[in-house]
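Peer 1: Below is a structure I'd like to ask you about.
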Amino acid sequence: MGTTHKVALVTGAAQGIGAAVARALSEGASIAALDTREEGLSVLVEELRQRGCRAAAFKVDVSDSAAVEAVVERVERELGPIEILANVAGVLRMGSVVSLSDEDWATTFAVNTHGVFHVSRAVARRMVPRKSGVIVTVGSNASGVPRMQMAAYAASKAASTMFTKCLGLELAQHNIRCNVVSPGSTDTAMQRGMWADENGAQAVIAGSLETFRLGIPLRRIATPADIADAVAFLVSDRARHITLHDLCVDGGATLGA
């Protein structure tokens, strides 16, 4: 896949899709795992090391610009030049627009949008002189299709998606590719937190007329590994002529819209 001996920085790596992306990329790359959850990071890094991967954990809040700059500098010093960046860190604050607090809105954008900007900028500054690198942001199919009770999340993901495409346009001249992977419903702690009971997966698959939500034509919820495989492809040499692309991995839930 062309990732052997490269350094990959993965945000949100302590659980869910971030952890799955770290595992997928660890097949060839060294992993810098970033998150605010130290315990989850420790478990992941130990697992990767037992599999023979060179991996290290870095606790950081991606919404903190100065902290991000410092940790990216540390990763390059301790592991080597970052050649792959996967922006996966994200939060979800549910609620109708009229009930959302200022804090809900600000926190959602601080992580999902500002965090992508902070990490991408810090890494891109170092990739540009080297004329090499690839960046993938994990967005959401909600960035293109309205969702009830998810205005802050959808808006923040739409912003990070367009930011990544603009970044890709600016960096293309430096041989740096930037793409987006937009998952639909995926079996993670975030997803399960939205379910009313143990039948939540089936309800999502079936869809809901009351909430204007289509079901999933493939009749299954994605696993984190499904999303990680898409990320692994886009950072690989097999995708060397793909940039500014948004790859939707949602089982057909948004009908390609």
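The values are calculated or read from the model by the stated rules, or taken from the named source; none is laboratory data. The structure presented is a predicted model; accordingly, all values stated were derived computationally and were not measured. Glycine also receives a Cβ, built like all others from the backbone with ideal geometry; neighbour counts cover every protein chain displayed.
Peer 1: Against the definition (more than 16 Å from Glu170 (Cβ to Cβ), of a type in the set (Gly, Ala, Ser), surrounded by fewer than 22 Cβ atoms within 10 Å (Cβ to Cβ) and at pLDDT 95 or above), how does Ala86 come out, yes or no?
Peer 2: Numbers: more than 16 Å from Glu170 (Cβ to Cβ): yes; of a type in the set (Gly, Ala, Ser): yes; surrounded by fewer than 22 Cβ atoms within 10 Å (Cβ to Cβ): no; at pLDDT 95 or above: yes.
No; evaluated as a whole, the condition is false for this residue.
Peer 1: Also: Spot the failing condition for Gly139; the list is (1) more than 23 Å from Gly184 (Cα to Cα); (2) in contact with a Lys or Arg (Cβ under 6 Å, 6 or more places away or on another chain), and only one is missed.
Peer 2: (1)
Peer 1: Tally the residues that are assigned to a loop (DSSP other than H, G, I, E, B) and charged (D, E, K, R), restricting the search to the range 131-164. Reasoning before the result, please.
Peer 2: First pass over the range 131-164, keeping only residues assigned to a loop (DSSP other than H, G, I, E, B): 131-132, 139-140, 144-149.
Restricting the remaining residues to those that are charged (D, E, K, R) gives 131, 147.
Number of matching residues: 2.
Peer 1: Tell me, which residue of the range 105-130 that is surrounded by fewer than 16 Cβ atoms within 10 Å (Cβ to Cβ) and among the basic types (Lys, Arg) is farthest from the chain's Cα centre (by Cα)? If you could, list the steps in order and put the result at the bottom.
Peer 2: To start, the set of residues in the range 105-130 that are surrounded by fewer than 16 Cβ atoms within 10 Å (Cβ to Cβ) comprises 106, 121, 125, 129-130.
Those still in the list that are among the basic types (Lys, Arg) too: 121, 125, 130.
Working: Arg121: 15, Arg125: 20, Arg130: 24 Å.
For the range 105-130, the residue satisfying everything is Arg130.
Peer 1: Right, something else. Enumerate the pairs (first residue in the range 107-122 and more than 19 Å from Met150 (Cβ to Cβ); second residue anywhere and of a type in the set (Ser, Thr, Tyr)) with beta-carbon separation below 8 Å, excluding pairs fewer than 6 apart on the same chain, so at least 6 apart or on different chains.
Peer 2: Phe117/Ser160; His118/Ser63; His118/Ser65; Val119/Thr11; Ser120/Thr137; Ser120/Thr164
Peer 1: I'm trying to understand the selection: among the residues of the range 44-59, which are closer than 23 Å to Val119 by Cβ and part of a loop (DSSP other than H, G, I, E, B)?
Peer 2: Within the range 44-59, Cys53, Arg54 qualify.
Peer 1: Here's something else I'd like to know. Can you tell me which residue is nearest to the chain's Cα centre (by Cα) among those in the range 49-90 that are closer than 25 Å to Lys157 by Cβ and without any contact (Cβ under 8 Å) to a residue 24 or more places away in the chain?
Peer 2: It comes out as Ala67.
Peer 1: Which of the numbered conditions does Ala196 fail, given that it passes all the others? Conditions: (1) over 16 Å from Met148 (Cβ atoms); (2) not assigned by TED's automatic domain parsing to the domain that holds Val180.
Peer 2: (1)
Peer 1: Now a separate question. Please determine whether any residue of the range 21-39 is in the same structural domain as Val88 (by TED's automatic domain parsing), surrounded by fewer than 24 Cβ atoms within 10 Å (Cβ to Cβ), in contact (Cβ under 8 Å) with a residue 40 or more places away in the chain and within 20 Å of Ser182 (Cα to Cα).
Peer 2: For the range 21-39, residues in the same structural domain as Val88 (by TED's automatic domain parsing), surrounded by fewer than 24 Cβ atoms within 10 Å (Cβ to Cβ), in contact (Cβ under 8 Å) with a residue 40 or more places away in the chain and within 20 Å of Ser182 (Cα to Cα): present.
Peer 1: Continuing with the same structure: Taking the range 145-176 only, how many residues are in contact with a Cys (Cβ under 8 Å, 6 or more places away or on another chain) and under 19 Å from Phe109 (Cβ atoms)?
Peer 2: Going through the range 145-176 one residue at a time, the tally reaches 3.
Peer 1: When both residues are 6+ apart or on different chains and their Cβ atoms are under 6 Å apart, which pairs have a first residue that lies in the range 228-253 and is aromatic (Phe, Trp, Tyr), and a second that is modelled with pLDDT of 95 or more and in a helix (DSSP H, G or I)?
Peer 2: From the range 228-253, the pairs are Phe233/Ala239.
Peer 1: When the residues of the range 1-20 are filtered to those that are among the aliphatic types (A, V, I, L, M) and buried (at least 24 other Cβ atoms within 10 Å of the Cβ), which remaining residue is nearest to Ser185 (Cα to Cα)? Outline the logic, then answer.
Peer 2: The first filter runs over the range 1-20 and keeps only residues among the aliphatic types (A, V, I, L, M), leaving 1, 7-10, 13-14, 17, 19-20.
The next check asks that each one be buried (at least 24 other Cβ atoms within 10 Å of the Cβ); those that pass are 8-10, 13-14, 17, 19-20.
Details: Ala8: 25, Leu9: 24, Val10: 21, Ala13: 19, Ala14: 19, Ile17: 11, Ala19: 17, Ala20: 15 Å.
Residue satisfying both the conditions and the ranking: Ile17.
Peer 1: Right, another one. Quickly run through the range 246-257 and pick out the residues that are surrounded by fewer than 16 Cβ atoms within 10 Å (Cβ to Cβ) and at pLDDT 95 or above. Don't jump to the end; show me each part of the working.
Peer 2: Of all residues in the range 246-257, those surrounded by fewer than 16 Cβ atoms within 10 Å (Cβ to Cβ) come to 252, 255-257.
Across the range 246-257, the qualifying residue is only Gly252.
Peer 1: Looking at the range 197-233, which of its residues are in contact with an Asp or Glu (Cβ under 9 Å, 6 or more places away or on another chain) and of a type in the set (Gly, Ala, Ser)?
Peer 2: Ala201, Ala203, Ala222, Ala232
Peer 1: Within the range 178-220, track down each residue that is in contact with a helix residue (DSSP H, G or I) (Cβ under 9 Å, 6 or more places away or on another chain), surrounded by 15 or more Cβ atoms within 10 Å (Cβ to Cβ) and assigned to a loop (DSSP other than H, G, I, E, B).
Peer 2: Within the range 178-220, Gly184, Ser185, Asp187, Thr188, Gly215, Ile216 qualify.
Peer 1: Every residue in the range 112-170 that is among the charged types (D, E, K, R) and at pLDDT 95 or above, please.
Peer 2: Our first condition is that a residue be among the charged types (D, E, K, R); within the range 112-170, this holds for 121, 125-126, 130-131, 147, 157, 165, 170.
Result: Arg121, Arg125, Arg126, Arg130, Lys131, Lys157, Lys165, Glu170.
Peer 1: Give the range 153-177 a look and list any residue that's closer than 24 Å to Thr211 by Cα, crowded, with 23+ Cβ neighbours inside 10 Å and of a type outside the set (Phe, Trp, Tyr), or say none.
Peer 2: Correct list: Ser156, Lys157.
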